[in-house]
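The values are calculated or read from the model by the stated rules, or taken from the named source; none is laboratory data. Since the model is a prediction, treat every value here as computed from it, not as a measurement. Neighbour counts are summed over all protein chains in view; Cβ atoms, including those assigned to glycine, are modelled from backbone coordinates with ideal geometry.
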Amino acid sequence: MTSAHPRRKRLPILEGVLLLAGLAVISPCFLAVVNSLKTLPEIIRSPLALPTSLNLDNYAYIFTGVDLAGSMLNSLLMCAAVILAQIVFGSMAAYSMMRRRMWGGRFLRVFFLAGLAVPFQIIMIPLFKEFWLLGIHTTYFALWLHYVSWGLPLCIFIYSGFMATIPRELEEAAAIDGCGPVATFWRIVFPLLAPCTVSIIIFWGLWIWNDFMQAFILMGANKGHLAFVQLYRFLSDQYVKNWNAIFAGVVVLSAPVTLLYVIMQRRFVKGLTAGSFR
Amino acid sequence: MALDLVRTAAPPRPLPRRPGRTLPAWSASAILCGPAVILYAGFMVLPAILGAYYSLTQWNGWTSTARFIGLENFRELAGDDRFWTAVRFTLFETVLVVAFFTFASLLLAVLLDKVRRLKGLIRGLFFYPFVLSILVSALLFQYLANYREGAVNVLLRWIGLGAWAQDWMGDPDLVPYFIFGLVAWSGLGFFTTLYLANLQTVPAELYEAAEIDGAGPLRVFTRIQFPMLLATITTNSVLALITGINLFGQIVVTTQGAPGYRTVTIGYYIYQLGILNNRQGYASAVSVATFLALVAVACVQVALLRPRTVSL
């Protein structure tokens, strides 16, 4: 009974089959890359063939005609601004509710938790109206307000769960030494939350980068030059689909995400599944 | 106002507290919780409450006042054929999605758990579609399924099965499976990963004991893995339920409810009413009714599944 552990058994056939199945799963993505290098007639004539020549016209077209570069920069800035606010506000609130005998702390925990259940369809119309009354409708600031508030319940939930694993002694020592609660949090607790913070950056960074629906609804048909909103606008403008340009756009907008995913797959999987343990 | 950790470690006796320079407890709470509470209350809770109120009004979204009409919207909803068609289609998709994400990903996870070589690569391939935007996955599927130039039909004609080529998105009998395929493709890796994470918590001793007792893979699954996974089965089925009921973005990108009203989901119907037809009051009523139904079903689901959970 040495190495007969069943989990160590080699199963080459199963591994081969699953590898092929996995490749089949991502085959549509291969197709998008291959077809982004062809002309439209080529795509229609022989969609599965490799391109005969390296044709980068489609990429040139989407960068000049759709201004994808500018909207990608906007998306990146939006991601950074939203995530920064979510991390700062969310972690502080979670700390206050979980670790300090705060008046109303228990109520606030339930109050924030309820937000996990609210679907976008319920709030989209009143939210638009509210932004309109505040005079900030269809602005990036309004979208930022929405993204931050939309993400806070999950951030607080993830931080609260993780905070339970941190020993209290450090905070108590800091308090004895006269360190105030806000400083105690930033100097002592926050650095210990780093794994959580990484998960939140990945989860919301990807979510906001990939979102087109909420941004499109809240920013209206013409405003909001964000990456996927631009792509969506571009393809809903056309009656006959220019698949060649669409594929080029899809590849460009998915490339940064794919690159990061390949580099740090484990962190990605951890971050993206962190949101599910309710 | 605060001391560095480095400095606090140095002096031989504890420093005296300096109450004059620390903030009172309530203001510290306000600083820590304030921003989150204000944003969340202002842009999540308030719109949700307003949405509930609008569901009791007749309002086109642009007039400044919404006319209060009580439960009139809900009465109209009960007799609205297009709403019930949307409910039927949404439920059909939800049943498929819940079954697939609960059981197919369970099977895939059990198989992936046995893989030793190229583990990261194989798992990574299955998870990858989840990283992509809904817009990307919907576009890819729309391209694959296109009747004239789509890759699926071209492939079928190429291998001589041209007769099997179908209008995957235009045929009312096939389009529900097209939508299901799209949702299944994007989410499979995610749900499988949740199972895999749980499978890793199964202690090796259980597998060893099973092997000593001469149990085959099937018995290992039914007696060890399945009972240990029940908590995740609950999680996944509830998450799949939410995914199915809220099905919306994929419809906007691909079919927009066509052919006819065949693929109008509840979410898309709300969007049609509220954004395209300016019936905000009625749209709010549909979303409130759906939300309450979803909460009720999810509670029943959790209540039914939770007591069966096994832990060591």
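Whether any residue in the range B:220-229 is touching a helix residue (DSSP H, G or I) at 6+ places or on another chain (Cβ under 9 Å) and either of a type in the set (D, E, K, R) or under 30 Å from B:ILE49 (Cα atoms) (or both) is what I want to check. It would help to see each step written out before you state the result.
Residues of the range B:220-229 that are touching a helix residue (DSSP H, G or I) at 6+ places or on another chain (Cβ under 9 Å), as a first pass: B:220-221, B:223-229.
Imposing the further condition that a residue be either of a type in the set (D, E, K, R) or under 30 Å from B:ILE49 (Cα atoms) (or both) reduces the set to B:223.
Yes, there is a match, as at least one residue in the range B:220-229 is touching a helix residue (DSSP H, G or I) at 6+ places or on another chain (Cβ under 9 Å) and either of a type in the set (D, E, K, R) or under 30 Å from B:ILE49 (Cα atoms) (or both).
Among the residues making up the range A:234-250, those that are under 13 Å from A:ILE44 (Cβ atoms) and either more than 9 Å from chain B (Cβ to nearest Cβ) or touching a residue at least 24 places away in the same chain (Cβ under 8 Å) (or both) are A:VAL240, A:ASN242, A:TRP243, A:ASN244, A:PHE247. Scanning the range A:204-233 for residues that are basic (Lys, Arg) and either under 30 Å from A:SER46 (Cα atoms) or part of a helix (DSSP H, G or I) (or both) yields a count of 1.
Among the residues of the range A:242-265, are any assigned to a helix (DSSP H, G or I), modelled with pLDDT of 85 or more, within 30 Å of B:ALA231 (Cβ to Cβ) and over 14 Å from the mean Cα position of the chain (by Cα)? Among the residues of the range A:242-265, at least one is assigned to a helix (DSSP H, G or I), modelled with pLDDT of 85 or more, within 30 Å of B:ALA231 (Cβ to Cβ) and over 14 Å from the mean Cα position of the chain (by Cα), which makes the answer yes. For the range A:88-133, residues that are of a type in the set (Val, Ile, Thr) and either outside the structural domain of A:CYS196 (by TED's automatic domain parsing) or in a loop (DSSP other than H, G, I, E, B) (or both) total 1. Residues that are modelled with pLDDT of 85 or more, among the polar types (S, T, N, Q) and surrounded by fewer than 23 Cβ atoms within 10 Å (Cβ to Cβ) within the range B:112-149 comprise just one, B:GLN142.
For A:GLU172, the conditions (1) within 12 Å of chain B (Cβ to nearest Cβ); (2) out of contact with any Cys (no Cβ under 8 Å at 6 or more places or on another chain) all hold with the exception of (1). For A:TRP132, the criteria (1) without any contact (Cβ under 8 Å) to a residue 60 or more places away in the chain; (2) in contact with a His (Cβ under 6 Å, 6 or more places away or on another chain) hold in every case but one, which is (2).
Take the residues in the range B:150-192 that are among the polar types (S, T, N, Q) and buried (at least 21 other Cβ atoms within 10 Å of the Cβ); name whichever of them is farthest from B:GLY244 (Cα to Cα).
To start, the set of residues in the range B:150-192 that are among the polar types (S, T, N, Q) comprises B:153, B:166, B:186, B:192.
Next, from what is left, pick out any that are buried (at least 21 other Cβ atoms within 10 Å of the Cβ): B:153, B:186, B:192.
Working: B:ASN153: 27, B:SER186: 13, B:THR192: 17 Å.
The extreme case among them is B:ASN153.
All told, A:MET72 meets the bar of being in a helix (DSSP H, G or I) and surrounded by 15 or more Cβ atoms within 10 Å (Cβ to Cβ).
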